[in-house]
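As structure tokens, the structure follows; a few thoughts come after it.
The values are calculated or read from the model by the stated rules, or taken from the named source; none is laboratory data. No experiment lies behind these values; they were computed from the predicted model shown. FYI the Cβ positions are ideal-geometry reconstructions off the backbone, even for glycines, and counts take in every protein chain you see. Only protein heavy atoms, including side chains, enter the accessible area calculation; ligands, DNA and RNA are left aside. Shrake-Rupley method; radii C 1.70, N 1.55, O 1.52, S 1.80 Å.
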Amino acid sequence: MADIVARIAQGVGQVPRDQWDACAGTGNPFVCWDFLSALERSGSVGPGTGWQSLPLLIDGPDGRLAAVAPAYAKSHSQGEYVFDHQWADAWERAGGSYYPKIQVAAPFSPVPGPRLLSRDADCGPALIGGIEALVDQNRLSSAHATFVERDQVALFEAAGWLIREDSQFHWTNRGYGSFGDFLADLSSARRKNIRKERARAVEGLDIVHLTGAAITQAHWDIFWQFYQDTGARKWGRPYLTRDFFSMIGETMGDRLLLILALRGGRPIAGALNLIGREALYGRYWGCVEDVPNLHFELCYYQAIDAAIARGLGRVEAGAQGQHKLARGYAPEPTWSAHYIPDPSFRRAVAQFLAVERRDVQRSREWLAEHVPFRKGDA
């Protein structure tokens, strides 16, 4: 550990693709070089966005990268989905400067995954130490690793980082051979409601699934309209640029699934998913025509169909959304980790997190009792 030196690059794009991906692995598409570098090349992160890419790197004895962490200097708290605005306000009121802070994350992606990417599992603590050094040496307020996969939470906790807990709704594949098999696991009332909901949503529409080269620039043009509409309503302005979608379509098209609803051959709504080794990740949705329940059809039910067809173990449909519960998506814990060097500020945040964690766990327990599965099957 004492001989390991971490360094910082000026962007993921400055790192050799093969070496980054040797550390990132193939399981989670949101930490691969193609996805993260496309964010930079498209201008979705970088100058003027409040996201400055500063990936942390550790070289191995063979001269190749042994470990990396996707880190960013942030000048705001937007696009993170783990909300620390109250912390920022408290620190500013106390006379400190909360920003810039360090964010270890896949930008704009509330998707649990690895944040310490390594060819050698022993490099995790060294990466954490490098992040802490970056904060300490630059007298920054804090560092935050968001949506940390379950297996890496203990590494941050062992290093003394504060752990924050939240919940998402995920669908789990119990070995289903078809959507009908999944429905058979639900209560009769819920099964009947979903059948009606699906039939009404697709009446007069055609649903198509596109991946790889089948997704053309014309498809990205119409999906960009969908995305802009949703982004304007949710965030005020979309986080991602139009170029980003073309770039990931060119470099990782086989890991994309675009589901479109067509009326008379014209796309009126769409949902974009990323395909992982074990999960389908629902990310972006939008429409130009308001059709009741079509959002549920494209984002949740069609995603289940696609996951079953591909033999994937689960569907992760993004942040928030208690309405997912009635559609077979159950509450699952998510975690973030927070390094706060100031002792007084750390104590205050720790107290806040202790109270919040109890509330989150109680809520998740209540929700788990109301999943729509037949009694004894949940």
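The helix-only estimate of mean residue ellipticity at 222 nm for the chain, built from DSSP H runs of length n ≥ 4 each weighted as -39500 (n - 2.57), is -11000 deg cm²/dmol after division by the residue total. The accessible-area ordering, largest first, of the residues Ser363, Ser142 stands as Ser363, Ser142, per a 1.4 angstrom probe. Kirkwood radius, segment 208-316, all distinct C-alpha pairs, inverse of mean reciprocal distance: 14.0 Å. Note on the chain: Cα Rg divided by 2.2 N^0.38 Å, N the number of residues, gives 1.01.
Close amide-amide hydrogen proximity is noted between Ala66 and Ile58, Asp59, Gly60, each under 5 Å apart and 5 or more residues distant or on a separate chain (H modeled in the peptide plane; Pro and chain starts excluded). Accessible surface computed residue by residue for the chain, with neighbouring protein chains in place and a 1.4 Å probe, gives 43 Å² per residue. DSSP assigns beta bridges within segment 69-181; of those with both partners inside it, close to 50 percent run antiparallel. In whole percent, and with a 1.4 Å probe on the protein chains, what portion of the accessible area of segment 1-96 is carbon and sulfur? Within segment 1-96, the accessible surface is 52 percent carbon and sulfur. The fraction of accessible area contributed by carbon and sulfur in segment 238-322 is 46 percent, rounded to a whole number (1.4 Å probe; ligands and nucleic acids excluded). Near Asp305, once Lys and Arg are set to +1 and Asp and Glu to -1 for all other residues with Cβ below 11 Å from its Cβ, the sum equals +1.
Phi-derived couplings, Karplus 6.51 cos²θ - 1.76 cosθ + 1.60 at θ = phi - 60°, listed residue by residue for segment 291-300: 10, x, 6, 5, 4, 5, 5, 6, 7, 10 Hz, with x used for Gly and Pro.
Amide H contacts for Gly318 (H built 1.01 Å from N in the peptide plane; partners 5 or more residues away or on another chain; cut-off under 5 Å): Gly282. For segment 66-140, just say rounded, prolate or oblate: build the C-alpha gyration tensor, square-root its eigenvalues into a ≥ b ≥ c, call rounded for a/c under 1.5, and beyond that prolate if a/b exceeds b/c, oblate if not. It comes out oblate by the Cα gyration axes. With θ taken as phi - 60° and the Karplus curve 6.51 cos²θ - 1.76 cosθ + 1.60 applied, the whole-hertz 3J(HN,Hα) list for segment 255-268 is 10, 10, 10, 9, 10, 10, 9, 10, 10, x, x, 9, x, 10 Hz, x standing for glycine and proline. Per-residue Karplus couplings for segment 239-251, computed as 6.51 cos²θ - 1.76 cosθ + 1.60 with θ equal to phi - 60°, are listed in order as 6, 9, 8, 4, 4, 4, 5, 4, 5, 6, x, 6, 9 Hz, Gly and Pro entered as x. Have a look at Phe83, Phe296, Phe182 and tell me which one the Gaussian network model of the chain (Cα, springs below 10 Å) gives the largest fluctuation. Highest fluctuation of the listed residues: Phe83.
Using a Förster distance of 45 Å, how high is the FRET efficiency between Ala218 and Glu365, based on the Cβ-Cβ distance and rounded to 0.05? Using R0 = 45 Å, I get an efficiency of 0.45.
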